[in-house]
1. Multiplying the sequence separation of residue 67 and residue 214 by 0.36 nm and subtracting their Cα-Cα distance, what value in nm do you get?
2. Net charge near residue 219, counting Lys/Arg +1 and Asp/Glu -1 over other residues with Cβ under 15 Å of its Cβ?
3. Rounded to two decimals, what ratio of Rg to Rh does the range 166-211 give with C-alpha atoms and a Kirkwood Rh?
4. Give the long-range amide H neighbours of residue 47: residues separated by 5 or more places, or on another chain, with amide H under 5 Å away, using H modelled in the peptide plane at 1.01 Å from N.
5. Convex hull over the Cα atoms of the range 89-129, averaged projected area in nm²?
6. From the phi of every residue in the range 63-69, what ³J(HN,Hα) in whole Hz does the Karplus formula 6.51 cos²θ - 1.76 cosθ + 1.60 yield, where θ is phi - 60° and glycine or proline is x?
7. Once the piece of chain linking residue 235 and residue 38 is laid out straight, how much longer is it, given 0.36 nm per residue of separation minus the C-alpha distance between them?
8. Across the range 108-114, in residue order, what do the Karplus-derived ³J(HN,Hα) couplings come to in whole Hz, using 6.51 cos²θ - 1.76 cosθ + 1.60 with θ = phi - 60° and x for Gly and Pro?
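Just so it is clear, none of the values below were taken in a lab; they were calculated from the coordinates. Values in this document were obtained by computation on a predicted structure and should not be read as measured data. A quick note on method: Cβ atoms are made from the backbone with ideal geometry, for glycine too, and the neighbour counts reach across all protein chains shown.
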Amino acid sequence: MKKILKYLTMILFAIIVSVTIALAYIGMVPGLSSIFVKQVDLGVYPDSDQVIAINEELGHEVKLNDEKKPYDGQPIYEGEIELSGTYSDKQVTSVLDSWSNNWAITPFYNVQVKIHDNGTAEASGILKIKEAISLAKHLGYSDEQISEASKYATFISGDLPFYINGSANVNNNQVFANVSNLKIGNVVVPEKISNQVVGAVEDAVQRRIQQVSNLNIKSMDLKSGKLNIYGTVPQLESGE
């Protein structure tokens, strides 16, 4: 009997270890998941000097207390300036990195963007689940909608790497995206679900555009390895 119990205990232990490793591999076990789940490195890294140069060229200002960065409130927007330019993937990566450093509500960090000559792009980064939910509330989604979306993150605790490959464009603040590959953690998201995710992201970005005063994206596209954008943006963004 003792031998039988011993073998059963060993089998049970093996099952628990195997399941734990499996869950960690797909990003559902904090601590262990970081061993198995790594961000896809696209080889494009941010440069804060490029953000400074872009802001100086546009006349755009960001006023924050450096001791309180990232600022945990909502940005205050003032003024209006014209935006018309072509930007490299390194510049786009640098601007997104600046957002995550400046504003705590930004639901991602360590973002890398790689734009290809054929008009497609890759992006990878770390998704902040808690901040994503907070931002959803600020964007006006109901508790019921957030609860429905959150059920997909029932077993997730903490932040998760994401990877996306596809194309996107904006026309008069209407966002259009097409995704060929979406991965959360180490899991490739099925096409049916990824299409739902893309639709939700399009809606969320459009809602955010409407919230920012004097932000008007008349056109944005990806061509020849560059992001081309035309419209207006606030002259000043500041925190209290």
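1. Using 0.36 nm per residue and subtracting the Cα-Cα distance, I get 50.1 nm.
2. +1
3. Ratio of gyration radius to Kirkwood radius: 1.03.
4. Distant-sequence amide H within range of residue 47: 94.
5. Hull-based average projected area comes out at 2.9 nm².
6. Along the range 63-69, the couplings run 10, 9, 7, 4, 6, 10, 7 Hz.
7. 67.2 nm
8. Each residue of the range 108-114 in turn: 8, 7, 6, 6, 10, 10, 10 Hz.
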